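The values are calculated or read from the model by the stated rules, or taken from the named source; none is laboratory data. Here the structure is a predicted model, which is why all the values come from computation and not from measurement. Ideal geometry is used to build each Cβ from the backbone, glycine not excepted, and the neighbour counts take in all protein chains shown. Surface areas here come from the heavy atoms of the whole protein model, side chains and all, with no ligands, DNA or RNA. Shrake-Rupley method; radii C 1.70, N 1.55, O 1.52, S 1.80 Å.
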Amino acid sequence: MSQQDVPIRLWENARVLSMTDEWTGGHVAGDGSVLVQGERILAVGPRSTLAAIPEAAHAERFDCEDRLLLPGLIDCHTHLVFSGSRATEFEQRLNGVSYREISEAGGGIRATVAATRQSSENELTALACNRVERLSREGITTLEVKSGYGLDAANEQKMLRAARALETLLPVSVHTTFLGAHAVPEEFEGRSDAYIDLVCEEMLPAIAQDRLADSVDAFCETIAFDTDQVGRVFGKARKLNLPVRLHADQLTDCGGAALAARFNALSADHLEYTSEAGVRAMARAGTVAVLLPGAFYYLNETQQPPLALLRKHAVPIALATDCNPGSSPVDSLLLVLNMACVLFGLTPSEAIAGVTIHAARALGLTDRGVLAPGKRADFALFDVVSPAELCYAIGAPPPVSVVRSGNPVGSPS
Ligand code: NIG
Ligand code: FE
């Protein structure tokens, strides 16, 4: 496309929540405009300022009718490529069997591994497409997808390719994460160190070479891998230039947050049992805390993540669905906003920062999550009066329109 063909578009008459002030969410400015050139934002501001920019004169115009315009939402932690259902485990838990007991009896993650190994890449992509479609209807323009239900080289690669394919089929950007160290596969029962050798020596180098993953995750927990094993995976990932993130301290305090910080992890996620030392280490390393109220809710957890400590040490807080068939069968990020406020006590401003600016940071993406010149033109327009309404109702209204890379979603680009 020549420079002349790059479309110039102007969204005007909006109440703009730019998120450029990460702690307050930025104030909502009325009669605001967003000027877009191609896939990037050229300017954001009041109508009078933007009218003075020469490009604005030729722009295609969109009237936002005084609606709320904010950055496209980002779901920074999902496991949405999978096959099968774990509704029977849900039933078992209601009959008093714990998530840990189900896992120790060979169910849990291993049940989804068995189903996922049997599905073809195309089947996995089709199943995941349905889940992503539901998310994107809510204004999600970027999402993260983990592997971790393959647990051998071929099946982990199959999952990552299925995740990458989503970006070509739907209007979302996909960040992929290799989660080979999610659980010890059945064939390695009692030999978890040997499985970690396989992850480090075969799976990770092959995945890095084919550029199938943008980051590397692990599950550090008494039912999964210990800090030494995760340390080996992270050491190898960093050597291959892949950033890391961690499922940390979800069921017990196993020093996961501090371990993540030691490797300058982009994020440490869950964190229900994280101590103040762990939070301090995250603050020093700049590691984002990703809270997952869906898993807290489904597992009937009573230990809340340490919100007061995260605030005290100014650790950025992100939120995500954790969409997966076991601990969080949730495919609504708007519902997660509500859950984070009601279950964890986040303010609506904190919750909205958690699915925009802080979620971008949890993925190491500096080009989105806020509305400012030079950033990607990803945004959503909601027919609500105040930002708090996005968090207030269960089943908050979806956006009336979504723009991704400067293109209105659903219209020909
Ligand atoms: O984030 N905690 C580990 N992994 C997932 C659960 C995966 C599963 O139960 O299938 C989580 O909660
Ligand atoms: Fe998870």
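Mind jotting down the distance between the C-alpha centroids of segment 172-200 and segment 303-370, whole Å? Segment 303-370 and segment 172-200 have Cα centres separated by 25 Å. Per residue, segment 89-200 exposes 39 Å² of accessible surface when a 1.4 Å probe is rolled over the protein heavy atoms with every protein chain present.
Of the trypsin sites (Lys or Arg not before Pro) found in segment 157-194, those in coil by DSSP whose Cβ has at most 16 other Cβ atoms within 10 Å are Arg191. Annotation: the antiparallel percentage among DSSP beta bridges lying fully within segment 15-113 is about 80.
If you take all other residues with their beta carbon under 14 Å from the beta carbon of Arg164, and give Lys and Arg +1 and Asp and Glu -1, the sum is -2. If you find the alpha carbon centre of segment 230-284 and of segment 70-141, how far apart are they in angstrom? Each part's Cα centre sits 23 Å from the other's.
In percent, rounded to a whole number, the relative contact order of the chain is 19, using alpha-carbon pairs under 8 Å and six or more apart. Heavy-atom accessible area, probed at 1.4 angstrom with all protein chains present, ranks Thr252, Thr176 as Thr252, Thr176, highest first. A 1.4 Å probe run over segment 354-408, with the rest of the protein chains in place, finds 36 Å² accessible per residue.
When the accessible area of the chain is computed with all protein chains present and a 1.4 Å probe, what percentage of it is carbon and sulfur? On the chain, the fraction of accessible area on carbon and sulfur atoms equals 50 percent. Based on DSSP H segments of at least four residues, each scored -39500 (n - 2.57), the chain has a per-residue ellipticity at 222 nm of -9500 deg cm²/dmol. Across segment 221-238, rounded Karplus estimates of 3J(HN,Hα) from the backbone phi angles (6.51 cos²θ - 1.76 cosθ + 1.60, θ = phi - 60°) give 6, 4, 8, 10, 10, 8, 5, 5, 5, 5, x, 5, 4, 5, x, 5, 4, 5 Hz, Gly and Pro being marked x. Using only the alpha-carbon atoms of segment 225-352 as identical scatterers, what base-10 log of I(q)/I(0) does the Debye formula give at q = 0.09, 0.11, 0.14, 0.17 Å⁻¹? Result of the Debye calculation: -0.23, -0.35, -0.57, -0.84.
The calculated Kirkwood hydrodynamic radius for segment 1-139 is 19.3 Å, given to one decimal from all distinct C-alpha pairs. Backbone amide hydrogens, once placed in the peptide plane, bring Ala318 within less than 5 Å of Ala289, Val290, Leu291, excluding anything fewer than 5 places away on its chain. Phi angles of segment 368-379 translate, via the Karplus equation with coefficients 6.51, -1.76, 1.60 and θ = phi - 60°, into HN-Hα couplings of 7, x, 9, 9, 7, x, x, 7, 4, 7, 10, 8 Hz per residue; Gly and Pro are given as x. Using C-alpha pairs under 8 Å with a sequence gap of at least 6, the mean separation divided by the residue count of segment 203-318 gives a relative contact order of 20 percent. Of the GluC sites (Glu not before Pro) found in segment 156-200, the ones in coil according to DSSP and having at most 11 other Cβ atoms within 10 Å of their Cβ are Glu189. In this structure the amide hydrogen of Leu179, modeled in the peptide plane, comes within under 5 Å of the amide hydrogens of Ser147, Gly148, Asp217, none closer than 5 places in sequence on its chain. How many percent of all Cα-Cα pairs in segment 181-245 sit more than 13 Å apart? In whole percent, the share of Cα-Cα pairs in segment 181-245 beyond 13 Å is 59.
Among beta bridges from DSSP that stay inside the chain, the antiparallel ones total about 40%.
Once the Cα atoms are used to define both axes, helix 109-118 deviates from the longest principal axis of the chain by about 80 degrees.
Rounded to the nearest 10 square angstrom, Val402 shows an accessible area of 20 square angstrom against a 1.4 Å probe. For segment 279-295, putting each phi into the Karplus relation 6.51 cos²θ - 1.76 cosθ + 1.60 with θ = phi - 60° gives couplings of 5, 4, 5, 4, 4, 5, 7, x, 7, 7, 8, 9, 9, 10, x, x, 5 Hz, in residue order, rounded to whole numbers and with x for Gly and Pro.
Each other residue within a Cβ distance under 12 Å of Ala115 adds +1 if Lys or Arg and -1 if Asp or Glu, for a net charge of +2. The angle between the Cα long axis of helix 121-136 and the main principal axis of the chain comes to about 50°, on a 0 to 90 degree scale. Heavy atoms of the protein chains alone define the surface here; on that basis segment 207-323 has 36 Å² accessible area per residue at 1.4 Å probe size. A convex hull fitted to the Cα coordinates of segment 310-413 yields 138 cubic angstrom per residue. Where the alpha-carbon atoms of the chain are placed on the principal axes, they occupy 68, 44, 40 Å, in descending order. Explain nothing, just the number: relative contact order of segment 317-368, from Cα pairs under 8 Å at least 6 residues apart, as a whole percent. Relative contact order, segment 317-368: 38 percent.
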